[in-house]
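Structure first, then comments.
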Amino acid sequence: MNPVITWMNATHSAPVTTPFNFGVIDADDVSTPYTFNIWNNRFDGAGGGTTDVSKMEDCTITTRDMSGGLGNTVGSEIEVVKNNWFHAQVDSLGETDLAQESSRIGKDYTKPIGTTGTTKKDNTGATYATPLKPGTKEILGVKNNGVPADAAGNYVTVTLQADVPLEAKSGQQAFKIRVSYRYV
């Protein structure tokens with residue numbers, strides 16, 4: 001079964017609505033950091049998370065223009081993507097590099113995402129005999145109870161922040177945060 005992706009806010013209490021507004025960011029400034037939890041097969045009480053789905057493998061995050069491109073199409077240039085303005089820190093891997101070059105994403109950069117967490121309980125609350133741990137760059141798709149402490153193998157936590165250069169053009173830019181993965 002296909003992975004079932006849900007983007008939740010920092011506290012897992014509400015789905016992230018699209019389009020998400022990162023707010024007004026002045027040139028030569030950084031945005032407020034925003035934290036997201038990206039779930040695979042989150043138990044939601046309405047059928048989600050009650051059966052296993054495929055795990056997400058080779059997971060990465062980056063930015064793309066609204067057409068899925070690199071932001072460099074003549075006449076439709078999206079600086080936020082083309083010039084790699086965003087940074088992504090993978091909190092679920094214990095990263096602390098949000099302000100460093102190693103976290104930059106965009107046209108030229110993607111960043112691996114994953115978790116060191118495990119999923120300990122299924123959707124009924126029964127404990128798995130052995131906690132289920134995803135591999136590198138994986139997000140589990142096993143049934144779970146949706147409780148972050150019990151289902152940490154089923155989601156990744158990522159903090160995003162824009163770093164807008166002084167020479168940035170003014171105006172709104174529409175773009176996508178893209179999580180890429182494969183599944184079997």
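The values are calculated or read from the model by the stated rules, or taken from the named source; none is laboratory data. The structure presented is a predicted model; accordingly, all values stated were derived computationally and were not measured. Heads up, the Cβs are rebuilt from the backbone with ideal geometry, glycines too, and the neighbour counts pull from every protein chain shown. When the accessible area is computed, the model is the full protein with side chains, heavy atoms only, and any ligands, DNA or RNA have been set aside. Shrake-Rupley method; radii C 1.70, N 1.55, O 1.52, S 1.80 Å.
Can you confirm whether segment 14-24 contains a residue that is among the aromatic types (Phe, Trp, Tyr), open to solvent by less than 30 Å² (accessible area, probe 1.4 Å) and in a loop (DSSP other than H, G, I, E, B)?
Yes, that holds for at least one residue.
State all residues of segment 42-67 that are among the polar types (S, T, N, Q) and out of contact with any helix residue (DSSP H, G or I) (no Cβ under 6 Å at 6 or more places or on another chain); if no residue qualifies, say none. Spell out how you get there, then give the answer.
Residues of segment 42-67 among the polar types (S, T, N, Q): 50-51, 54, 60, 62-63, 67.
Listed by number, the residues that qualify are THR50, THR51, SER54, THR60, THR62, SER67.
Only one residue in GLY71, GLY47 is buried (at least 22 other Cβ atoms within 10 Å of the Cβ) and of a type in the set (Gly, Ala, Ser), so which one is that?
Of GLY71, GLY47, the one residue that is buried (at least 22 other Cβ atoms within 10 Å of the Cβ) and of a type in the set (Gly, Ala, Ser) is GLY71.
Go through (1) open to solvent by 30 Å² or more (accessible area, probe 1.4 Å); (2) of a type outside the set (D, E, K, R); (3) more than 15 Å from ASP163 (Cβ to Cβ); (4) assigned to a loop (DSSP other than H, G, I, E, B) and name the single condition THR35 misses.
Here THR35 meets the rest and fails (4).
Would you mention how many residues in segment 151-170 are open to solvent by less than 60 Å² (accessible area, probe 1.4 Å), farther than 19 Å from SER102 by Cβ and not in a strand (DSSP E or B)?
So the answer is 4.
Considering only segment 94-150, state which residues are open to solvent by less than 60 Å² (accessible area, probe 1.4 Å), farther than 15 Å from GLU57 by Cα and in contact (Cβ under 8 Å) with a residue 60 or more places away in the chain.
LEU98, ASN123, ASN144, ASN145, GLY146, PRO148
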